[in-house]
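The values are calculated or read from the model by the stated rules, or taken from the named source; none is laboratory data. Keep in mind that this is a model prediction, so the values were computed, not measured. A quick note on method: Cβ atoms are made from the backbone with ideal geometry, for glycine too, and the neighbour counts reach across all protein chains shown.
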Amino acid sequence: MFDILDRSSGNILGVLVSGKLTDEDYQKLTPKLEQIINQEGTIRLLCILEEFQGWTAKAAWDDLKLDVKHHQAFERLAVVGDTKLEAFMTQISKPFIKGEVKYFERKHADQAWDWIRS
């Protein structure tokens, strides 16, 4: 599930990501993301992973399509998580994002917000 965080503003979108992501989750998030890109030109996305369990097959495809379609619009991507696997997944996303990509441990979530805004 994706939950939009209150600290989002302008071209900065903060999202709490939890559970196993589905196609339905992407159908709800994608219009918001595209609205920001259309209004602002670029997007800075901060994802806080909480009890993240991966993607369904369709959701993984949705994620890849989103990255490919809008890779030029991603100015920054910050991922906040707890595990080495989450850090690794962040690193392998770099080829799909034109902008900067950075992983933060949960204890450094405030630094992630600072970085995404700078």
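General remarks:
- Residue count for the range 81-100, restricted to those that are within 24 Å of D23 (Cβ to Cβ) and either among the small types (G, A, S) or under 13 Å from the mean Cα position of the chain (by Cα) (or both): 7
- Checked against the criterion of being part of a loop (DSSP other than H, G, I, E, B) and either touching a residue at least 24 places away in the same chain (Cβ under 8 Å) or under 17 Å from L85 (Cβ atoms) (or both), the candidates R7, R44 yield just one match: R7.
- Flag if I37 is under 19 Å from R117 (Cβ atoms), part of a helix (DSSP H, G or I) and not basic (K, R): yes
- Among the residues of the range 1-27, those identified as more than 14 Å from the chain's Cα centre (by Cα) and under 17 Å from K65 (Cα atoms) are T22, D23, E24, Q27.
- Scanning the range 64-84 for residues that are out of contact with any helix residue (DSSP H, G or I) (no Cβ under 7 Å at 6 or more places or on another chain) and surrounded by 15 or more Cβ atoms within 10 Å (Cβ to Cβ) yields F74, E75, L77.
- Here R76 meets the list (1) within 14 Å of the chain's Cα centre (by Cα); (2) farther than 20 Å from L5 by Cβ almost entirely, failing just condition (2).
The rows are residues; the columns are (1) of a type in the set (A, V, I, L, M, F, W, C); (2) at pLDDT 95 or above; (3) not in a helix (DSSP H, G or I).
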residue	(1), (2), (3)
V17	yes, yes, yes
L29	yes, yes, no
I48	yes, yes, yes
D63	no, no, no
A78	yes, yes, yes
Q91	no, no, no
D110	no, yes, no
I116	yes, yes, no
